[in-house]
Amino acid sequence: MTFFKRRRPVELEADVGEGFWLTEALGMQRSITAALTAPERHGRGTSARLEFSLGLGDRVFVTWRNIIVGFVPADHAPRLRDQLAAVGKAHLLSDGRVYQHAQLWRIWAGPPLGDDPTPPPPEDGEIEPPPPSLLGIPLPHRGTAGPKGRRAVGGVATARARPARRWILAVDTQSWEVREGSDLDLGLLRRRLADIAPGSTVHFRLWEQTISVTPHTRVTLTDPDTGTVEVLHEG
């Protein structure tokens, strides 16, 4: 009897030059958070082994732990496209690092940076987080374009929508970027937190995650553009 061994795919090191920050940071926060382990979410960053793949059009998307976490910026994409075409079925990888900066997760591909890396401001990308639910009730995605307004980017279909106001929601040591009206009904959340009674707990759902707020939990909203902080619950 003959036994066949399954061959592991060949892994090759990508030439990323001096390195770069992945794009679509805002739209990829949910994916990045899903790729992080629980201890990593409470830290400031972790090392990452990133893999590059060809997307639709001229895009090159990046996966980490089998989750798409961003895209190669346009000025670096040609270099990676050429390498992907040359390696065929081999996997093209690079070392990188996941950082938390200004309450957002950002991903660097390339050689190690200094002790205090400062990424560029995140751009308004083409990918929006999927519509979540609040208190178990699905929220409508306002301003979503019809079928003709949808675009496929990196194998992911997206819709162009009217920009919603962005906030950084922080619950104790955890934080998320949310969009008002599509990610959260902030009016409802404000009312529920204002009515919280001693000894009670408020639960709400955000991106399929249950978040609990007790009378001792501090909850804030930060405007990422101005840095203005609104305290929803003092804790």
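The values are calculated or read from the model by the stated rules, or taken from the named source; none is laboratory data. Here the structure is a predicted model, which means the values were calculated and not measured. Glycine also receives a Cβ, built like all others from the backbone with ideal geometry; neighbour counts cover every protein chain displayed. Areas reflect the complete protein model, heavy atoms only, side chains present, ligands, DNA and RNA absent. Shrake-Rupley method; radii C 1.70, N 1.55, O 1.52, S 1.80 Å.
At a glance:
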{"item": "Cβ-defined net charge surrounding His233, 13 Å radius [Lys, Arg +1; Asp, Glu -1]", "result": "0"}
{"item": "Added length on full extension, which subtracts the Cα-Cα distance from 0.36 nm per residue, Ala90 to Gln174", "result": "26.5 nm"}
{"item": "For the stretch 43-100, Kirkwood radius (reciprocal of mean inverse C-alpha pair distance, Å)", "result": "12.0"}
{"item": "Heavy atoms of Ser212: accessible area, 1.4 Å probe, square angstrom to 10", "result": "60"}
{"item": "The stretch 1-110 shape via C-alpha gyration tensor axes, a/c threshold 1.5", "result": "oblate"}
{"item": "Ranked packing of 189-199, 27-37, 74-84, most packed first, by mean Cβ within 10 Å", "result": "27-37, 74-84, 189-199"}
{"item": "Distance (nanometres) between label positions extended 7 Å along Cα→Cβ at Glu18 and Ser212", "result": "4.8"}
{"item": "Ranked packing of 101-111, 13-23, most packed first, by mean Cβ within 10 Å", "result": "101-111, 13-23"}
